[in-house]
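Beneath this line is the structure, given in structure tokens, with notes to follow.
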Ligand SMILES: [Zn+2]
């Protein structure tokens, strides 16, 4: 975990002024299927759940696939006699391991049987999307995007939907370009067939704004914007006046409108079909929020229901939100709208990312967190039977 954690922390440090509340959800990675649409949260890098298994990467950026049926975690390389070593710029093509995804990998997704990976160059604030078959043959560049980080996005019918953000810059007394704190946000799309990009909404200017794709339901793309009434310097949280705004972009009508007016939600979010669950941090203390209130919004009716409270950042997986009170856990299920007690929960030692098939994917708690899977059966029975996924290398351990 070492490498990824450092990356996450440095990204957060840079973004801290804008995303205090978002930071807590940046550790989660999840995907929700609903027919042909897919939502991804890839702040931890590539992890793609399918019905058959899970594509993921190790700390060296090699691609693996955990096969649910075979119960095996294998490197995605079908090259004969390959040594599966990382390659350099000057390594001949025939010696390059197919499963090595290269530097700067920040995410990936599947669309129409093609695997797409997104690599970033933070210095150039540029990301490159590459497509290939799922066995990594036939790799080709799709497009370049102007961005310096990636968290959530959605894919539907061969189109990638993203939130764009751009920091307004000014020149300071030393002649250096520095951010003014004003951020432009917008929604844009990328046609995966030809790489063409199009901005779908007008650019909005707000103090320290972040815009995230929250999910897709039917033809509507839901987004959350967090901004501040006055410039937020990272310390004046109460005074700056945090504002939460939810938007719905209608893909067929091309309209972008505010929705769920009056709804908060400055922490994590999770869409289960047309139910949007989100949490709101309360009591800003020395170590962040001390209390979280969780809500479920019915996007069809507009009704908002309080699901419960939690003393730790709520976790979302398997159509549920998990709430804690000390070491005791309970969950609220979107489909049944019921709250159930979870005895001897593994959540005391495990953090959920997403729900591939019969498993829950996540990471064990602590400094040397190990990414892994746990069957839903073990998860709900409180059995700490984690299936480790390829992650740490010998080099990391030294
Ligand atoms: Zn190989």
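No lab work stands behind these numbers, since they all come straight from the coordinates. Owing to the predicted nature of the structure, the values given are computational and were not obtained by experimental measurement. For neighbour counting, all protein chains shown are included, and Cβ atoms are generated from backbone atoms with ideal geometry for every residue, glycine included.
When the Debye formula is applied to the Cα atoms of segment 2-397, each taken as the same point scatterer, what base-10 log of I(q)/I(0) results at q = 0.07, 0.11, 0.13, 0.14 Å⁻¹?
Log10 I(q)/I(0), no solvent term: -0.31, -0.81, -1.16, -1.35.
Work out how much length residue 67 to residue 169 would gain on full extension: take 0.36 nm times their residue separation and subtract the Cα-Cα distance, in nm to one decimal. Numbers along the way, then the final one.
Working: separation 102, 0.36 × 102 = 36.72 nm, distance 4.70 nm.
Gain on extension, residue 67 to residue 169, equals 32.0 nm.
For the chain, modelled as a GNM with alpha-carbon contacts under 10 angstrom, which of 352, 97, 307 fluctuates the most?
Residue with maximal mean-square fluctuation among 352, 97, 307: 97.
Using the 10 angstrom Cβ neighbour count as an exposure proxy, how do 277, 57 rank, fewest first?
Details: 277 24, 57 27.
Least to most surrounded, the residues fall as 277, 57.
Taking each pair of different alpha-carbon atoms in segment 135-193 once, compute 1/r for the pair, average those values, and report the inverse of that mean as the Kirkwood hydrodynamic radius in Å to one decimal. Don't jump to the answer; show the numbers that get you there.
Working: mean 1/r = 0.0700 Å⁻¹.
It works out to 14.3 Å.
Add -39500 (n - 2.57) for each DSSP H run of 4 or more in the chain, then divide by its residues: what number comes out at 222 nm, to the nearest 500 deg cm²/dmol?
Working: 4 runs with 36 residues, N = 398.
Helices in the chain give a 222 nm mean residue ellipticity of -2500 deg cm²/dmol.
Taking a ≥ b ≥ c as the square roots of the Cα gyration tensor eigenvalues, with a/c under 1.5 meaning rounded and otherwise prolate when a/b beats b/c, else oblate, which class fits segment 238-365? It would help to have the intermediate numbers written out before the result.
Numbers: a/c = 1.93, a/b = 1.29, b/c = 1.50.
Oblate shape, in that a/c is at least 1.5 and b/c is the bigger or equal ratio.
Which one, 354, 177, 125, has the greatest fluctuation when you compute a Gaussian network model over the chain with C-alpha springs under 10 angstrom?
With Cα springs under 10 Å in the chain, the top fluctuation among 354, 177, 125 is at 177.
With r as the distance between the Cβ atoms of residue 191 and residue 291 and R0 = 45 Å, compute the FRET efficiency 1/(1 + (r/R0)^6) and round to 0.05. Display every interim value, and only then the final one.
Numbers: r = 44 Å, r/R0 = 0.97.
Efficiency for this residue pair is about 0.55.
Which distance in Å, rounded to a whole number, links the C-alpha centroids of segment 67-128 and segment 210-250?
Cα centroid of segment 67-128 versus Cα centroid of segment 210-250: 33 Å apart.
Pick from 387, 374, 226: which is most flexible by mean-square fluctuation in a GNM of the chain where alpha carbon atoms under 10 Å apart are linked?
387
Relative contact order for the chain: what percent, with Cα pairs under 8 Å and sequence separation of 6 or more? Could the numbers behind the result be given before it?
On the way: 925 pairs, mean separation 46.9, N = 398.
Computed over the chain, the figure is 12 percent.
So what is the relative contact order for segment 329-398, in percent, with contacts set as C-alpha pairs under 8 Å and at least six apart?
Working: 100 pairs, mean separation 15.4, N = 70.
Computed over segment 329-398, the figure is 22 percent.
Please arrange 130, 185 by counting, for each residue, the other beta carbons lying within 10 Å of its beta carbon, fewest first.
Values: 130 18, 185 22.
Starting with the residue having the fewest Cβ neighbours, the order is 130, 185.
What length, rounded to one decimal in nm, is gained on full extension from residue 85 through to residue 139, with 0.36 nm per residue of separation minus their alpha-carbon distance? Don't skip to the answer; put the middle values down first.
Details: separation 54, 0.36 × 54 = 19.44 nm, distance 1.82 nm.
Taking 0.36 nm per residue and subtracting the Cα distance, the gain is 17.6 nm.
Suppose each label sits 7 Å from its Cα in the direction of the beta carbon; what would the residue 381-residue 124 distance come out to in nanometres?
Here the modelled spin labels are 5.2 nm apart.
How would 59, 227 line up from fewest to most surrounding beta-carbon atoms within 10 angstrom?
59, 227
Determine the gain in length on full extension of the stretch residue 113-residue 50; use 0.36 nm per residue of separation and subtract their C-alpha separation, reporting nm with one decimal. Could you put the intermediate results ahead of the total?
Values: separation 63, 0.36 × 63 = 22.68 nm, distance 1.11 nm.
Working it through step by step, the gained length comes to 21.6 nm.
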